[in-house]
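First comes the structure, then the notes that go with it.
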Amino acid sequence: MHIGAIHDVTNLALSNSPGPGPVMRTVIVVTVVGVALMAWFLLRGYGNDE
């Protein structure tokens, strides 16, 4: 892989402003939503009174 390509990919994950870049922000949001959906899916079976 060319060094310039690695540099471009690294720039996607970083930003000049404080905090994570746009790619890391997206990864964090998708992870949180995924964990919430998985918790809902796993815990919804405990409410059945069958």
Can we say Leu42 is in contact with a Gly (Cβ under 9 Å, 6 or more places away or on another chain) and either at pLDDT below 70 or surrounded by fewer than 10 Cβ atoms within 10 Å (Cβ to Cβ) (or both)? no
List the pairs whose first member sits in segment 19-45 and is of a type outside the set (Gly, Ala, Ser), whose second member is part of a helix (DSSP H, G or I), and whose Cβ atoms are under 8 Å apart, counting only residues at least 6 apart or on separate chains? Pro20/Ala13; Pro20/Ile28; Pro22/Leu12; Val23/Leu12; Val23/Ala13; Met24/Ala13
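The values are calculated or read from the model by the stated rules, or taken from the named source; none is laboratory data. All values reported here derive from a predicted model rather than from experimental measurement. Quick reminder, even Gly has a Cβ in these numbers, built from the backbone with ideal geometry, and neighbours come from all protein chains shown.
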